[in-house]
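What follows is calculated from the coordinates using simple rules that are stated; it is not laboratory data. Computed from a prediction, not measured in an experiment: that's the story for all the values here. We place every Cβ from the backbone using ideal geometry, glycine too, and count neighbours over all the protein chains shown.
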Amino acid sequence: MRFLMFVLDDPDLAGTADANAVPWVEEAKQRRLEGDRLRPVGDATTVWPKDGGGTFVSDGPFAETKEQICGYDILECADLDEAVELAAKHPMAKLGAIELRPVWQ
Amino acid sequence: MRYMLMITDDGAERLSPAEIDATPEFTAWLRDVESRGASRVGTLLRPPAEAVTVRVRAGRTLRSDGPFAETKEHVAGVEIVECADLDEAIAIAAAHPAAGRHPIEIRPFWPFEEE
């Protein structure tokens, strides 16, 4: 099963654990197909629907949330339980959250 | 430059990947991306009801069903776009068939080798 994993950062927990993801990438090995870091929400731009049709653009994310998406990984795991186990080992599970989403193939 | 386009929806209507591929609007968007000399890789996600969120607190793994936050819209799919600059990423997002219905958030990549 393939999963897209959103890596989320909780600013209130910054510095409370080691954020280095290199050991996790080693652990995930070939189960991690790709992944990268994204610029912080301060650098987000959103294209919004406009009343009456069309779009307009504004700075900032589509939703104001405490935890914020700061990266992603694509995983290929046997099942959801294996993906949860792997996600729990990611350093940001302690410093924020990991949202696992099955890919619609 | 590389950008992630987070295509959101409110979960009301979902088309399967095959249905999306078959819509003329989506095909036209693919042609538009290609004509710019840009490229994209898309990933459609199963509905948010199938999301699982994992947090580790005080050494315990907390697993909850659903997305990380209760928001009006959720990410329905992502497009990873390689294009000239943010202006072009905005143009590509605004031309996406989902634009004008729900927000599309654009986030620049931040590779680990860049500080």
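Observations, loosely collected:
- Residue list for the range A:62-100, filter: of a type in the set (Phe, Trp, Tyr) and either surrounded by fewer than 17 Cβ atoms within 10 Å (Cβ to Cβ) or out of contact with any Pro (no Cβ under 7 Å at 6 or more places or on another chain) (or both): A:TYR72
A quick yes/no check of all residues on (1) farther than 25 Å from A:GLY52 by Cβ; (2) buried (at least 16 other Cβ atoms within 10 Å of the Cβ); (3) in contact with an Asp or Glu (Cβ under 9 Å, 6 or more places away or on another chain):
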position: B:ARG31; (1), (2), (3): yes, no, no
position: B:VAL41; (1), (2), (3): yes, no, yes
position: B:ASP65; (1), (2), (3): yes, no, yes
position: B:PHE68; (1), (2), (3): yes, yes, yes
position: B:GLU115; (1), (2), (3): yes, no, no
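- Unique match (being within 20 Å of A:PHE3 (Cα to Cα) and either polar (S, T, N, Q) or without any contact (Cβ under 8 Å) to a residue 24 or more places away in the chain (or both)) among B:ALA76, B:ALA99, B:ALA51: B:ALA51
- Hey, B:ALA89 assigned to a helix (DSSP H, G or I) and either touching a residue at least 40 places away in the same chain (Cβ under 8 Å) or among the β-branched types (Val, Ile, Thr) (or both) or not: yes
- Verdict on B:LEU44 being under 23 Å from B:ARG107 (Cα atoms), of a type outside the set (Val, Ile, Thr) and not in a strand (DSSP E or B): no
- Each residue in the range B:46-79 was checked for being under 15 Å from A:LEU80 (Cβ atoms) and among the hydrophobic types (A, V, I, L, M, F, W, C), and 4 pass.
- Here B:GLU105 fits the description: of a type in the set (Asp, Glu) and closer than 13 Å to B:THR8 by Cα.
- Those residues of the range A:31-60 which are in a helix (DSSP H, G or I) and either closer than 25 Å to B:ARG101 by Cα or touching a His at 6+ places or on another chain (Cβ under 7 Å) (or both), in sequence order: A:VAL41, A:GLY42, A:ASP43
- Filtered by the rule that a residue be in contact with a Leu (Cβ under 9 Å, 6 or more places away or on another chain), under 25 Å from B:PHE26 (Cβ atoms) and at the interface with another protein chain (Cβ under 10 Å from one of its Cβ atoms), the range B:58-92 gives B:HIS74, B:VAL75, B:ALA76, B:GLY77, B:VAL78, B:ILE80, B:ALA89, B:ILE92.
- Residues in the range A:1-30 that are part of a loop (DSSP other than H, G, I, E, B), more than 10 Å from chain B (Cβ to nearest Cβ) and small (Gly, Ala, Ser): A:ALA14, A:GLY15, A:ALA19.
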